[in-house]
Structures are given as C-alpha cells and as structure tokens.
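What follows is a short report on a single structure.
The values are calculated or read from the model by the stated rules, or taken from the named source; none is laboratory data. Everything quoted here is computed from the prediction, not taken from an experiment. Positions of Cβ are backbone-derived with ideal geometry, glycine not excepted, and every protein chain shown enters the neighbour counts. Heavy atoms of the whole protein, side chains included, go into the accessibility calculation; ligands, DNA and RNA do not. Shrake-Rupley method; radii C 1.70, N 1.55, O 1.52, S 1.80 Å.
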2 protein chains.
Amino acid sequence: MASFQLHEMRRACTSCSLRELCLPDGMSAEDLARLDEIVMRRRPVGRQAVLFHQGEPMSSIYAVRSGSVKSTTLATDGGEQITGFHLPGELIGLDAIATGTHGCTVTALETSSVCELPFDQLDMLSGQIPGLRRQLLRLMSREIRHDQRALLMLGQKNAEQRLATLLLNLSARLQQRGLSATRFRLSMARGDIANYLGLAVETVSRLLARFQEQGLLQVAGREVTLLDSARLRLLVECEPDAAVTHQGRG
Amino acid sequence: MASFQLHEMRRACTSCSLRELCLPDGMSAEDLARLDEIVMRRRPVGRQAVLFHQGEPMSSIYAVRSGSVKSTTLATDGGEQITGFHLPGELIGLDAIATGTHGCTVTALETSSVCELPFDQLDMLSGQIPGLRRQLLRLMSREIRHDQRALLMLGQKNAEQRLATLLLNLSARLQQRGLSATRFRLSMARGDIANYLGLAVETVSRLLARFQEQGLLQVAGREVTLLDSARLRLLVECEPDAAVTHQGRG
DNA sequence: CGCAAATTTGAGAGCATTCAACTCCTGTGG
DNA sequence: CCACAGGAGTTGAATGCTCTCAAATTTGCG
C-alpha cells in the first residue's frame with residue numbers, strides 16, 4: 001500500500017516537498033532559483049534501471065526525487081556489496097567526487113526519478129552561495145555518518161540486531177518524508193536486505209519469521225507492519241534476548 | 001623500526017611534506033598562504049590522548065600531521081567500533097559537519113600531532129578559493145569511499161581476507177608517505193585491529209600466526225614484514241584453498 | 001494459467017567466537 | 001640491574017551463530 005513514492009512532486013526545487021531534506025534546505029528563495037536553473041530533471045526510470053555504473057566518469061551527482069534506489073560496490077573478486085538504500089531527498093554519487101569516476105553502481109529498486117546536478121555547475125554555484133556550500137558539505141558529512149553507523153552494525157551487531165536496525169532506520173526515514181512509520185512496503189528484495197546487512201538471504205527470511213512469531217511485527221511479502229518498535233529498539237540497544245523471553249511458554 | 005612518523009615536518013603548509021596528500025593539494029602558492037593563516041598547529045600529544053570526544057560540539061576539523069590516530073564510534077549499548085586509522089595528511093572529524101557535533105572519538109595511537117582547521121574560517125575560505133573547495137570535497141568523498149570499501153570488507157570477506165586487506169592497505173598508504181611498503185610497525189594494538197575488522201582479538205592473533213607459517217609475512221610483536229604481498233593480494237581477491245564464495249548473492 | 005524468480009523452511013556443517021589458561025612484553029620500583 | 005605487576009598477545013578446546021545445501025512453496029508477471 002504505502003510505498004516510498006511521495007505524493008506532491010513538483011518540478012522545481014522551490015515547490016518541491018523534499019526541499020527541507022535535500023540540497024535546498026536553508027537556502028533563500030533567490031538562491032534557490034539559481035540552483036533551480038542548473039538542476040536537470042529526468043523522466044522516471046523503471047525497476048532495475050541503472051542510473052550509472054561504477055567506473056564511469058562522473059559529471060553529475062543526483063538527488064532521488066521519487067521511488068528508491070540502491071548503491072552497490074563491486075569487489076575485485078566479483079562480490080558485490082550494497083552500501084546503501086536511498087530515499088527521496090537523498091544525494092547519490094557523492095563518492096565519485098574524489099576520483100572523478102563513480103565508485104558505485106546505482107540501481108532503481110522501483111519506478112523512480114532523480115534530479116541531476118551537473119557537478120561543475122554545482123561546484124561553481126557553491127562558491128557563490130554559502131548556504132549551498134554548507135548544505136553540500138552537510139549532506140556529504142551525513143553520508144559519512146551513515147556509512148560509519150553501517151560499519152558499526154556490521155562490526156558489532158548480530159543478525160537479529162542488524163535487521164531490527166534496518167527496519168527502524170527505514171521506518172524513521174519514511175516518517176521524515178510524511179509516510180507511516182509503522183506500515184510500509186519494502187522496495188528491496190530479501191536478497192538486497194541480506195547483502196546490505198552482510199547476511200545470507202535465508203537468515204533474513206528466518207529472522208522476519210521469528211520477529212513475527214514474537215509479535216514484534218507483521219510481514220506479508222514486502223509489506224511490513226511494525227507492531228512493537230519499542231521492543232525492536234530494545235533488541236538493538238541491549239543484549240540479544242533481553243527483549244524477548246521465549247521461556248515463558250513451553 | 002620504521003614508524004608512522006614522517007621525517008621532514010615543517011610548520012607551514014607551504015613547506016609541509018604532506019602537502020600533496022592533504023588539503024593544500026592543487027592549490028596555488030598564494031592561496032596556500034591564505035590557508036596557512038587559519039591553520040593552528042598543536043603541540044604533539046602522547047599515546048592514548050583524546051583529540052576530541054564523540055558528542056562534543058565541533059568547531060574545527062583536523063589533519064593528522066605526524067603519528068597516527070584512530071576514530072571510534074560508540075553504539076547506544078556501549079559497544080564501540082573503530083571506523084578508521086588515520087595517517088599523516090588525512091583529515092579527521094569530517095563526519096561532524098552534518099550535525100555540528102562530533103560523531104566519533106579520535107584517539108592517538110602513538111605520539112602524534114595534528115593541524116587544527118577552524119571550520120567557519122575554512123568554510124569561508126573555501127568560498128573564495130575554488131581549489132580549496134574542490135579539495136575539501138575530494139577529501140570528504142575519499143572518506144566516503146574508504147568507509148564503503150570497509151563496508152564491503154565487513155559484509156563480504158572472511159577473517160583471512162579482512163586482515164590481508166588491512167595489511168595491504170596500510171602498506172600502500174605508508175608507501176605513499178615515503179616509508180617502506182614491506183616493513184613497518186603497527187601503531188595499533190591487536191585489539192584495535194580486531195575491532196576495526198569486526199573480529200575477535202584471538203582470531204587476529206591466530207591469523208597472523210598462520211600468515212607467518214605460510215610464509216606470507218613475518219611478525220614480531222607489532223613489527224611486520226610483508227614477504228609475499230602478491231600472494232596476500234591473491235588471498236583478498238580470490239580464495240585459493242577454500243574455493244567457497246562466502247555469503248549469498250553475486 | 002504457467003513458468004521463472006523470489007521466498008521460505010529444514011538439516012547439517014563450518015568459521016569464528018567465547019572461555020580459559022598461559023606466555024610474553026613493558027614499564028616501574030626496589 | 002633485576003624483580004615484579006599488569007596488560008598485551010598467544011594458544012587450545014568447545015560452543016554457537018550463521019552459512020551452505022536442498023527442496024518445498026509462494027509470488028510476480030507475461
């Protein structure tokens with residue numbers, strides 16, 4: 001039902017409902033107009049469509065406008081790792097600035113659209129608009145934070161905690177975007193979740209079943225309803241088992 | 001006894017041997033002079049000294065000048081994860097820009113010194129100097145890349161591959177700084193290595209012993225000599241003995 | 001409606017962890 | 001200079017979490 005789609009999606013940053021989550025945040029109306037001039041809107045792309053490939057030269061960065069995408073990096077041995085799921089208002093391709101070539105491949109998880117920001121122009125504009133410069137740095141910094149939290153997850157948490165963390169994280173981000181925090185549709189496959197969390201697909205499947213048994217949530221395919229996010233949070237923060245005692249009944 | 005110390009360490013960016021690895025890279029002499037004016041040099045700090053704590057308000061970012069430091073993030077449950085080891089020329093505290101408070105704690109691994117860059121002044125200056133702005137973005141982007149490679153490591157690689165990757169990575173970065181790529185001293189404890197790689201201390205210890213048995217390297221305490229980095233690389237990229245691809249999806 | 005892909009479920013194996021004991025450093029004080 | 005304390009690092013054994021393999025079942029889509 002509820003998807004990652006946002007309803008009011010206008011063409012210009014000025015009237016975009018994502019304004020406060022995206023690059024425009026904190027910019028004056030006139031500066032916004034200048035930003036608007038360099039933004040290229042792309043027509044929606046379908047599921048599985050690739051926005052750009054790892055290794056390609058980077059000329060633009062992108063902001064998710066609607067839908068959702070995943071970014072993946074390939075290891076030398078062919079293994080691939082999903083480094084993030086991105087919702088509307090989030091910037092992608094920021095890792096490309098370092099070398100001028102994309103360090104990840106970005107793929108649409110569902111029908112999605114993005115705004116394209118030609119980097120040279122964005123860079124120039126950010127020299128003239130302090131608010132834009134700050135916000136660009138902030139968003140890059142936020143990406144670093146995200147990755148470091150993900151590192152903490154893979155390095156310190158067990159399977160149960162990882163899945164709970166992801167669900168709560170998605171929930172919070174959807175809520176930020178005006179959607180339900182408790183009921184949503186996962187736009188990514190189980191395999192994507194597993195890969196992102198460094199787990200096997202089967203483990204994710206089993207855990208979702210267990211969470212449901214324990215009354216933490218309800219899951220039907222990709223439709224998820226969080227029933228007890230407080231206990232989910234407890235699961236993440238405290239020792240495993242602390243939140244759940246299946247001793248209670250034989 | 002090669003350490004992470006660099007030999008020629010002058011006070012000004014202009015004559016700093018790390019110029020090309022650090023923020024000054026690609027800047028003209030006159031722009032460099034302006035950067036120099038805002039940089040505050042700090043006296044060396046000893047082992048275990050904390051440069052800043054997670055949660056503290058951020059007013060400056062820092063560049064490692066000599067020695068080496070680690071950055072760690074604390075989970076809500078008290079568990080902590082080392083998100084990176086930083087060598088001279090590398091910027092730290094970049095994740096703080098998003099919220100204005102430090103997202104990690106930075107601790108010296110050995111006697112080290114850093115350059116302090118007051119963020120407001122740096123931001124202002126980067127509005128005036130395109131080269132500086134670009135380089136700041138590049139270094140932030142590089143940090144994102146680093147974290148994403150680390151994610152790939154924790155998500156896709158087994159213990160053996162993780163340790164090999166770290167050793168090769170350190171080797172390459174030391175070489176960039178004019179030190180030996182094959183013989184170096186680890187400034188971090190086994191426990192730090194284990195934490196960074198998401199492993200138990202005992203596992204790291206066992207692996208180092210095994211690598212030595214296999215003639216890949218020689219290790220005596222924190223002194224490491226890489227004997228066959230080609231084979232180490234092979235270990236990371238393929239998997240010679242156990243031809244099993246770890247973990248789902250390809 | 002039917003096939004292919006995605007997901008779930010079950011059973012057994014393996015890699016890494018945990019627990020425990022021991023050894024080796026390193027720095028300190030006699 | 002050496003003894004000693006305490007942390008750091010190593011080694012061994014056993015448990016366990018998660019993976020792999022295998023097969024059933026459902027879902028999605030043409």
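Below are the figures for this structure:
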{"read-out": "Reduction of at least 30 Å² in accessible surface, 1.4 Å probe, comparing all protein chains with the chain by itself, residues of region A:83-100", "value": "A:T83, A:D95, A:I97, A:A98"}
{"read-out": "Label spacing, shortest first and in nm, from A:D77 to its equivalents in the remaining copies (7 angstrom along Cα→Cβ)", "value": "2.8"}
{"read-out": "Amide H contacts under 5 Å for B:T182, placed H, 5+ residues apart", "value": "none"}
{"read-out": "Accessible area (Å², per residue) of chain A, counting only protein heavy atoms and a probe of 1.4 Å", "value": "42"}
{"read-out": "Under the Karplus curve 6.51 cos²θ - 1.76 cosθ + 1.60, θ = phi - 60°, whole-Hz ³J(HN,Hα) for region B:85-102, x wherever Gly or Pro sits", "value": "10, 10, 9, x, x, 8, 8, 10, x, 5, 6, 7, 4, 4, 10, x, 10, 5"}
{"read-out": "Solvent-free Debye scattering, log10 I(q)/I(0), computed from the Cα coordinates of the protein assembly as shown at q = 0.07, 0.08 Å⁻¹", "value": "-0.39, -0.51"}
{"read-out": "In Å², nearest 10: area of B:I144 left accessible to a 1.4 Å probe", "value": "0"}
{"read-out": "Under-5 Å amide H pairs with B:S60, H placed in peptide plane, nonlocal only", "value": "B:F119"}
{"read-out": "Test item: Cα-centred dipole of the protein assembly as shown, Lys/Arg +1 and Asp/Glu -1 on Cβ, debye", "value": "260"}
{"read-out": "Neighbour cut-off at most 14 other Cβ (10 Å), DSSP loop, chymotrypsin sites (Phe, Trp or Tyr not before Pro), region B:44-93", "value": "none"}
{"read-out": "Rounded percent of accessible protein surface that carbon and sulfur make up, region B:12-153, 1.4 Å probe", "value": "50"}
{"read-out": "Region A:92-165 and region B:92-164: distance between their alpha carbon centers, rounded to Å", "value": "14"}
{"read-out": "Size of the A/B contact, given as accessible area buried on both chains, probe 1.4 Å, in Å²", "value": "4600"}
{"read-out": "Cα-centred dipole magnitude for region A:130-250, charges only on beta-carbon of K, R (+1) and D, E (-1), debye, nearest 20", "value": "600"}
{"read-out": "Taking the convex hull of Cα positions in chain A, its mean projected area over all directions (nm²)", "value": "14.2"}
{"read-out": "Region B:12-153, dipole about Cα centre (Lys/Arg Cβ +1, Asp/Glu Cβ -1), debye to the nearest 20", "value": "300"}
{"read-out": "Karplus-derived 3J(HN,Hα), 6.51/-1.76/1.60, for each residue of region A:181-195, Hz, glycine and proline x", "value": "7, 10, 10, 7, 10, 6, 8, 9, 6, 4, x, 5, 4, 4, 4"}
{"read-out": "With eigenvalues of the C-alpha gyration tensor scaled by 5 and rooted, region B:34-94, Å", "value": "23, 14, 11"}
{"read-out": "Chain A - percent relative contact order, Cα under 8 Å, separation 6 or more", "value": "19"}
{"read-out": "Within the accessible area of region A:157-247 (1.4 Å probe), percent carbon and sulfur", "value": "48"}
{"read-out": "Bins of 5 Å from zero: percent of alpha-carbon pairs in region A:157-247", "value": "3, 14, 26, 28, 20, 7, 1, 0"}
{"read-out": "Estimated distance in nm for a label pair at B:Q218 and B:A172, the labels positioned 7 Å out from Cα along Cα-to-Cβ", "value": "2.6"}
{"read-out": "Region B:47-150: trypsin sites (Lys or Arg not before Pro) in DSSP loop, at most 12 other beta carbons within 10 Å", "value": "B:R47"}
{"read-out": "Value at 222 nm in deg cm²/dmol, rounded to 500, when DSSP H runs of n ≥ 4 in chain A each add -39,500 (n - 2.57)", "value": "-12000 deg cm²/dmol"}
{"read-out": "5 angstrom amide H check on B:L51, placed H, neighbours 5+ away", "value": "B:V106, B:T107, B:A108"}
{"read-out": "Compactness index (Cα Rg / 2.2 N^0.38 Å), region B:12-153", "value": "1.02"}
{"read-out": "Length gained when the stretch B:H53-B:R233 is fully extended (0.36 nm per residue, less Cα-Cα span)", "value": "61.2 nm"}
{"read-out": "Using θ = phi - 60° and Karplus 6.51 cos²θ - 1.76 cosθ + 1.60, couplings along region B:135-140 (whole Hz; Gly, Pro as x)", "value": "5, 5, 4, 4, 5, 5"}
